[in-house]
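> Starting off with a structure, shown below.
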Amino acid sequence: MELEEVIEEYLYHCIAKGFTQRTIKNKRQEMKQLKRFLMDEKRISKLESVNNLHQKAYMRLEYEEALQ
């Protein structure tokens, strides 16, 4: 499944769960950052290609950016 499809389904799930518009906006931004990382840094466009090493690399990047 393409990353964009997964993101849209996740955001739809958030809407269905009754999340506020502000929360959905924040989650959309977070997902865009994750998608950009996966596509630009790891050349991944499909969910099936993501593994725990990619997840850890993204979390490490987020942590390092938070320290700056």
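> Please work out which residue is nearest to M1 (Cα to Cα), limiting yourself to the range 14-68 and to residues that are in contact with a strand residue (DSSP E or B) (Cβ under 8 Å, 6 or more places away or on another chain) and not in a helix (DSSP H, G or I).
Step one: of the range 14-68, the residues in contact with a strand residue (DSSP E or B) (Cβ under 8 Å, 6 or more places away or on another chain) are 45-47.
Those left that are additionally not in a helix (DSSP H, G or I): 45-46.
Numbers: S45: 8, K46: 5 Å.
The extreme case among them is K46.
> Additional query: What are the pairs, 6+ residues apart or on separate chains, where a residue within the range 42-68 that is hydrophobic (A, V, I, L, M, F, W, C) has its Cβ under 7 Å from a residue that is part of a helix (DSSP H, G or I) and modelled with pLDDT of 95 or more?
The qualifying pairs are I44/L38; I44/H54; L47/L3; L47/V6; V50/L38; L61/F37.
> Which condition breaks for L11 when tested against (1) in contact with a helix residue (DSSP H, G or I) (Cβ under 7 Å, 6 or more places away or on another chain); (2) at pLDDT below 95?
In the conditions (1) in contact with a helix residue (DSSP H, G or I) (Cβ under 7 Å, 6 or more places away or on another chain); (2) at pLDDT below 95, L11 misses (2) alone.
The values are calculated or read from the model by the stated rules, or taken from the named source; none is laboratory data. From a predicted model like this one, the values you see are computed outputs, not experimental measurements. When we count neighbours, we look across all protein chains shown, and the Cβ atoms used for this are built from the backbone with ideal geometry, even at glycine.
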